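A.B. asks: Sharing a structure with you now.
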Amino acid sequence: MITGRLAAALAVVSLLLALPAAAAERPSITWHPARLHPGDVAWVHVRGAAADAAIEGSLGSRSLAFFPYAGGQAAVVGIDLEVKPEPQAWRLAILEPGREPRHLSGRLTIRRRDFPVQRLTLPTAMVDLDPETERRAASEGERLRTLYQTITAERFWRGRFVRPVAGTEAPTGFGARRIINGQPRAPHSGSDYAAERGTPVVAANGGRVALVADFFFPGRLVAVDHGLGLYTLYFHLDSVAVTDGELVDRGQRLGTVGATGRATGPHLHFGVQLGGSRIDPAALLSLDLRE
């Protein structure tokens, strides 16, 4: 004899078996974190697509580069520190052999974030540049912007990102609206770690050294390409221990803290660029994709 409870369970199973294939295979789309602000790193997890599916997508004007992750595929995307607090559309296309492309879309709301105002006094020669130095700084800035737009197809990083200098003291300055010698300047796009000259600086995760240089504003610097449009930046170094093109591991020494370039004293400027967006390093360090 079939009891009422067993009959109900069998009915549910029969209903599930009778569902159309498209409904049974509907992809699961999950965005993290649930609330986004300027400077955040967002990531999306897609499950339910075929193992050999290619996934394309975007959030606003930013393209998404997917990689295999936790039984599906994931992509990370940066929310620039000056993005407007407003809804932004996301779109995905799932391309699978032997079937029509599947298109999904939705909206995420970027919420307001207030940044501090930072007033600095620097030597006049470091602020009011002569024409030759201004041309040099502009050329160096363009070289960095070109680098940030270069997308390497391979993903070098795995797991959590780590602090670039030892210690527990929180860094400062990300997003600060800077007023230097009374003149408004571009917002500060990195975080400053206070440390003594000579303190070791390490790679936040695995990557390839994309640039070693000595520029006017950043001073002696290292840029690490982690793949898929993600770069970490280490400015004002006193010494450098790596070379262009070198593969580095998480925690590997890149150099030491200094005060080169436009700096008021020894410290590390730690920056993050993701798809050309200026990201809060704290958001990258808290990114939780466990592998």
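A.B. asks: Could you sort the peptides 225-233, 97-105 by per-residue average Cβ neighbour count (10 Å cutoff), highest mean leading? Present the calculation step by step, with values, prior to reporting the outcome.
C.D. replies: Numbers: 225-233: 24.0, 97-105: 11.2.
Result, highest mean Cβ count within 10 Å first: 225-233, 97-105.
A.B. asks: Please list 182-194, 36-48 highest first by mean number of surrounding beta-carbon atoms within 10 Å per residue.
C.D. replies: Details: 182-194: 16.9, 36-48: 20.9.
Put in order of decreasing packing, that is 36-48, 182-194.
A.B. asks: Using a Förster distance of 51 angstrom, determine the FRET efficiency expected from the C-beta separation of GLU134 and ARG26, and round it to 0.05.
C.D. replies: Details: r = 56 Å, r/R0 = 1.10.
Rounded to the nearest 0.05, the efficiency is 0.35.
A.B. asks: Tell me the mean residue ellipticity at 222 nm calculated for the chain from its helices only (DSSP H runs of n ≥ 4, each -39500 (n - 2.57), averaged over every residue, nearest 500).
C.D. replies: Rounded to the nearest 500, the figure is -4500 deg cm²/dmol.
A.B. asks: What FRET efficiency comes out for the pair ARG99/ASP288, r = Cβ-Cβ distance, R0 = 45 Å, nearest 0.05?
C.D. replies: On the way: r = 33 Å, r/R0 = 0.73.
Result of the calculation: an efficiency of 0.85.
A.B. asks: P(r) tail for region 62-193, what percent of Cα pairs lie past 21 Å? Numbers along the way, then the final one.
C.D. replies: Details: 5698 of 8646 pairs.
Here the tail beyond 21 Å accounts for 66 percent of pairs.
A.B. asks: What residue among ASP249, ASP238, ASP130 has the largest mean-square fluctuation in a Gaussian network model of the chain, using Cα springs under 10 Å?
C.D. replies: Per the Cα network of the chain with a 10 Å cutoff, ASP130 tops the list.
A.B. asks: Express the accessible area of the chain per residue in Å², computed with a 1.4 Å probe while the remaining protein chains stay in the model. Intermediate results must be reported in sequence, preceding the final value.
C.D. replies: Working: 14950 Å² over 291 residues.
Heavy-atom SASA per residue in the chain reads 51 Å².
A.B. asks: Here's another thing I want to ask about it. Relative contact order for the chain using alpha-carbon pairs under 8 Å, separation at least 6, rounded to a whole percent?
C.D. replies: Working: 655 pairs, mean separation 50.4, N = 291.
Reported relative contact order: 17 percent.
A.B. asks: Moving on. State the extension gain, in nm to one decimal, for the chain segment bounded by ARG160 and VAL127, taking 0.36 nm per residue of separation less the distance between their alpha-carbons.
C.D. replies: On the way: separation 33, 0.36 × 33 = 11.88 nm, distance 3.74 nm.
In short, 8.1 nm is gained.
A.B. asks: Still on this structure, I have one more. Compute the angle between helix 4-18 and the longest alpha-carbon principal axis of the chain, please, reported from 0 to 90 degrees and rounded to the nearest 10.
C.D. replies: With both axes taken from Cα atoms, the answer is about 70 degrees.
A.B. asks: Mind ranking 239-246, 62-69 by how tightly packed they are, going by the mean number of other C-beta atoms within 10 angstrom, highest first? Let's see the in-between values first.
C.D. replies: Details: 239-246: 14.9, 62-69: 18.0.
For the peptides 239-246, 62-69, the packing ranking is 62-69, 239-246.
A.B. asks: Further question on the same structure: Want the number for GLU196 to LEU247: 0.36 nm per residue separation, take away the alpha-carbon distance, what's left? All intermediate terms of the calculation are to be shown ahead of the outcome.
C.D. replies: Values: separation 51, 0.36 × 51 = 18.36 nm, distance 2.68 nm.
Net length gain for the segment: 15.7 nm.
A.B. asks: Please compute the Kirkwood hydrodynamic radius of the chain from all pairs of different C-alpha atoms, in Å with one decimal. Mind dumping the intermediate values first?
C.D. replies: On the way: mean 1/r = 0.0471 Å⁻¹.
When all Cα pairs of the chain are included, the Kirkwood radius is 21.2 Å.
A.B. asks: Once the Cα atoms of helix 131-148 and of the chain are each reduced to a long axis, what angle between those two axes, in degrees from 0 to 90 to the nearest 10, is obtained?
C.D. replies: 20 degrees
A.B. asks: Continuing with the same structure: Want the number for GLN149 to ASP114: 0.36 nm per residue separation, take away the alpha-carbon distance, what's left? Walk me through the intermediate numbers first.
C.D. replies: Values: separation 35, 0.36 × 35 = 12.60 nm, distance 2.69 nm.
This chain segment gains 9.9 nm when fully extended.
A.B. asks: Using the Kirkwood formula on the Cα atoms of region 170-291, what hydrodynamic radius do you get, in angstrom to one decimal? The partial results should precede the final answer.
C.D. replies: Details: mean 1/r = 0.0685 Å⁻¹.
About 14.6 Å for region 170-291.
A.B. asks: Give me the percent of accessible area attributable to carbon and sulfur for the chain, probe 1.4 angstrom.
C.D. replies: On the way: 7920 of 14950 Å².
Of the solvent-accessible surface of the chain, carbon and sulfur hold 53 percent.
The values are calculated or read from the model by the stated rules, or taken from the named source; none is laboratory data. Source: prediction; values computed, not measured. Note that each Cβ is placed from the backbone with ideal geometry, even for glycine, and that neighbours are counted across all protein chains shown. To get the accessible areas, we keep the full protein, side chains included, count just its heavy atoms, and leave off ligands, DNA and RNA. Shrake-Rupley method; radii C 1.70, N 1.55, O 1.52, S 1.80 Å.
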